[in-house]
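The values are calculated or read from the model by the stated rules, or taken from the named source; none is laboratory data. All values reported here derive from a predicted model rather than from experimental measurement. Quick reminder, even Gly has a Cβ in these numbers, built from the backbone with ideal geometry, and neighbours come from all protein chains shown. Accessible surface is based on the protein model in full, side chains and every heavy atom, while ligands, DNA and RNA are left aside. Shrake-Rupley method; radii C 1.70, N 1.55, O 1.52, S 1.80 Å.
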Amino acid sequence: MSDQRGTLWGVGLGPGDPELVTVKAARIIGSADVVAYHSARHGRSIARSIAEPYLRDGQIEEHLVYPVTTETSDHPGGYAGAMEDFYREAAERIAAHLTAGRDVALLAEGDPLFYSSYMHMHTRLTHRFDAVIVPGVTSVSAASAAVATPLVQGEQVLTILPGTLPADELERRLADTDAAIIMKLGRSYPAVRKALSASGRLDETFYVERASTPRQRVLPAADVDDASVPYFAIAMLAGRQRVPATTGSVAVVGLGPGDLDWMTPQSRRELAAATDLIGYGPYLDRVGAREEQRRHPSDNTDEPARARLACTLAEQGRTVAVVSSGDPGIFAMATAVLEEAKQWPGVSVRVIPAMTAAQAVASRVGAPLGHDYAVISLSDRLKPWEVIAARLSAAAAADMVLAIYNPASKTRTWQVGAMRDLLLEHREPGTPVVIGRDVSGPNESVTVVRLADLDQRDVDMRCLLIVGSSQTQWHSAGDGGPDRVFTPRRYPQD
């Protein structure tokens, strides 16, 4: 027996047509000592039928038969247990050939690393044997070719989804993309159809069955009989040209507190549809811009000028998005734009909500906003300090948690200390104060201090503060983990 171990070849066969097998894949299939392939219990292997023109006499064939597919199993571990045993045993069968020095071509429909059974063997064998991947044409490309329709163009985004996702999750992801491929249909098709319909995209979707094979079928997705859908079928939603839905309008778009993962699909759609993007420069940098969009950055203090520019452009027929950090209706741009728009009767304004900075900071420590709370800005640039102080005292006297926006800036350095002194007239010195800085941004930090120990030198313009009520609980982690702060939903009865 040779000491030279064989090589595992993960061979992509393409979507079904043997003529779409690559030259390299055909060569490897023909030269391998062993050709392995999967099938269901009926024994008919699609992979082998595609590769058959390239097989040669004398090759060893390893037929790996799934014990179950989607049905239930009497295995003690259920379906998952039966499949785990199968993959382990199949890997050992292939390992025996590799140990004996035989090269093994493990066939995979489409591409070996794209929703393929090959991956189960790859993860079990590559720590022991050399493996080489031969990529294949995917069913995604075959479906696009079958309907002779471009999937995506320019900067459109393509999302590939398994149809086995819950319908509401499919709907959410469809709403957040330009184009989509939904795979693994079969019994999942009713839920897929529901998601496509709910997202308003069903009439745009093609159904492609067994792409590139003699049994290929292409239909509008809405016309498909649910009972006739095989597993190897695809729903294809091509990207449509981005045309602004409403010209001559302004959308004030909330970006959320920082992390783009926290931006809503609606905000992304509004930004994509805009011809012009207006906002504070660093906020615009967070979202970028397409080549045909115009950016209008400005200083953070120029809110009236930004609002006036937005209305001016909208009156000229442009579709304008004014970006705002956090939620645009909370100490942000929505008010300025709506106020300016009163003078522009032909300009419509829509406000697109987003996660607030208060929500983001609260999430980092638990649930300090679990009961009634007040939101107050410490900035005295647009209202006098006397008004701020009166509101702080009133909210503190009412025993409400406080979310404090704009606590300090380069020129406002004393307000945090003044606020602390006012609140100590109503709150215990040990009341927890959460200091969140740049939450979800690259320089995030979150600390919890006693109200009596709140130091204005620790607070800057990137911070938001949450001051607890008499009921807010603070548990300091003893193992180096994060502090936990929450306000119970029940309030003591007299």
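Values as computed for the structure displayed
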quantity: The lone exception for ARG457 - which of (1) outside any loop (DSSP other than H, G, I, E, B); (2) surrounded by 14 or more Cβ atoms within 10 Å (Cβ to Cβ) it fails; calculated: (2)
quantity: Set LEU423, LEU392, LEU402: member being in contact (Cβ under 8 Å) with a residue 12 or more places away in the chain, more than 40 Å from the chain's Cα centre (by Cα) and surrounded by 13 or more Cβ atoms within 10 Å (Cβ to Cβ); calculated: LEU423
quantity: Selected residue (only one of ILE182, ILE160, ILE94 is free of Cβ contacts under 8 Å to residues at least 60 places away in the same chain, crowded, with 21+ Cβ neighbours inside 10 Å and not small (Gly, Ala, Ser)); calculated: ILE182
quantity: Positions within region 110-121 being open to solvent by less than 60 Å² (accessible area, probe 1.4 Å) and not aliphatic (A, V, I, L, M), in sequence order; calculated: GLY110, ASP111, PRO112, PHE114, SER116, SER117, TYR118
quantity: Residues of region 460-490 satisfying the condition of being open to solvent by less than 40 Å² (accessible area, probe 1.4 Å), assigned to a loop (DSSP other than H, G, I, E, B) and closer than 16 Å to GLY430 by Cβ; calculated: GLY468, SER469, THR472, ASP483, THR487
quantity: Test result for ARG88, of a type outside the set (Val, Ile, Thr), open to solvent by 40 Å² or more (accessible area, probe 1.4 Å) and in a loop (DSSP other than H, G, I, E, B); calculated: no
quantity: Condition broken by GLY154, with the remaining ones in (1) modelled with pLDDT under 95; (2) of a type in the set (Gly, Ala, Ser); (3) touching a Ser or Thr at 6+ places or on another chain (Cβ under 8 Å) satisfied; calculated: (3)
quantity: Residue within region 238-248 that is of a type outside the set (A, V, I, L, M, F, W, C) and crowded, with 22+ Cβ neighbours inside 10 Å present; calculated: no
quantity: Selection status of GLU84, at pLDDT below 95 and in contact with a helix residue (DSSP H, G or I) (Cβ under 9 Å, 6 or more places away or on another chain); calculated: no
quantity: Residue that is nearest to the chain's Cα centre (by Cα) [pool: residues in region 364-374 that are surrounded by fewer than 18 Cβ atoms within 10 Å (Cβ to Cβ) and assigned to a strand (DSSP E or B)]; calculated: ALA367
quantity: Search result, residues across region 186-225 that are open to solvent by less than 60 Å² (accessible area, probe 1.4 Å), in contact with a helix residue (DSSP H, G or I) (Cβ under 8 Å, 6 or more places away or on another chain) and either farther than 19 Å from ARG172 by Cβ or of a type in the set (Asp, Glu) (or both); calculated: TYR207, VAL208, ALA211, SER212, VAL218, ALA222, VAL224
quantity: Condition check for SER324: among the hydroxyl-bearing types (Ser, Thr, Tyr) and more than 15 Å from SER267 (Cβ to Cβ); calculated: no
quantity: Candidate set: region 49-81, residues that are modelled with pLDDT of 85 or more and within 37 Å of the chain's Cα centre (by Cα); chosen: the one surrounded by the fewest Cβ atoms within 10 Å (Cβ to Cβ); calculated: VAL65
